[in-house]
Structures are given as C-alpha cells and as structure tokens.
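Notes for the one structure printed next.
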Amino acid sequence: MGADLPDYYFRVRENGALVFRVDTENRQRRIEMDQIAVLNIRNGEIKPHGDRTLSEDDIAVIRDWMTDRHEVLAERDVDDILRAVDHLNLTTQWAQSRATDDQLDTVTDALLLAMHDLRSVLVRRKADRLMKDDKR
C-alpha cells in the first residue's frame, strides 16, 4: 500500500490547500501526514507551516500542483457555464410548457434582469475582442 501513495497530499480548501508530506516508512507502518505548508491559490503564496523550511523539491511539487489546480478550476468554470446554458434551455422549456402564471410571476423579473445583465456584459466583451482583433 505504501508504494501506491504519493509523497504529498493536498487538502483543498476554498482559497488553496494545506500541504502534507506523506510518510509510510515508519515502524508502525501507519500513514503519517505531516503538514508542511499552506498555500493560497489566488495569489500564489506558499507559507511554510510552523518553523519548517521547504526544500526546492517541496516548492517544485507545490508549484506544479498549483498549476494543475488552476487548469482544473478553469475547466470547471467553463463546464459550469455550459451547464448554465443547458439550464437556461430547460428553463425556457419549463416557462413555455409547464409554468403556471403564479410561478412565472415569481421568477420573471429576476430572470429578465439577470439575462439583461449577462447579455450586456457578453455584448460589451465581444465588442472589445473584435476591436482588439481589428487593431492587429
């Protein structure tokens, strides 16, 4: 079992992770996790835990994990938006085929404002991209 475990474990939290070094090479053959750092994914900060000094290998592994984590989070963002598109389609079908007048009264203003806001942002950002492409 020890050979299958990674050398580091990252306990994800909202702004980053706690980093642990995994040790299975002890007399009791127990898995021991020793916290070595706290990292902030948003600003790239890596803080050694307590009075620890991180090795170059530690920092390299942490930076690699942070790069991979950024990619995962970016993929999730896009996936969440594509799910939102699906949900908008389902909402349209619901409004057209099943919604009662009372249900529509409850959601219409909030949906219209949110969709108007989204449309304004998307149109502005697309115009910005087109203008930038024209300048090239």
The stretch 57-96 versus the stretch 1-44: alpha-carbon centroid distance in Å: 24 Å
Nitroxide proxy distance, nm - points 7 Å out along Cα→Cβ at HIS49 and ALA110: 4.1 nm
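Using Cβ contacts closer than 10 Å as the measure, can you line up ASP7, ASP134, ASP58 from fewest to most?
ASP134, ASP7, ASP58
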Take every Cα pair under 8 Å in the chain that's 6+ residues apart, average their separations, divide by the length, and report that relative contact order as a whole percent. 11 percent
Rounding to the nearest 10 and keeping the result within 0 to 90°, find how far the Cα-based axis of helix 56-97 lies from the longest principal axis of the chain. 20 degrees
Against the longest alpha carbon principal axis of the chain, how many degrees, from 0 to 90 and to the nearest 10, is the axis of helix 101-135 turned? 70 degrees
With label points set 7 Å from each Cα along the Cα-to-Cβ direction at ASN26 and GLN103, the distance between them in nm comes to 5.6 nm
What is the spin-label model distance, in nm, from TRP65 to ASP4 if the labels are put 7 Å beyond Cα along the C-beta direction? 2.1 nm
Here FRET efficiency (C-beta to C-beta, LEU122 to ASP80, R₀ 22 Å, nearest 0.05) is 0.90
Straight-line reach only, C-alpha to C-alpha below 19 angstrom: list the aspartates and glutamates that LYS126 could link to, leaving out same-chain residues fewer than 8 apart. ASP77, ASP117, ASP134
Taking R0 as 25 Å, what FRET efficiency do you get between LEU130 and THR92 from their Cβ-Cβ distance, rounded to the nearest 0.05? 0.35
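FYI, it's all coordinate maths here, none of it is from the lab. Just so it is clear, the model here is predicted, and its values are computed rather than measured. Quick reminder, even Gly has a Cβ in these numbers, built from the backbone with ideal geometry, and neighbours come from all protein chains shown.
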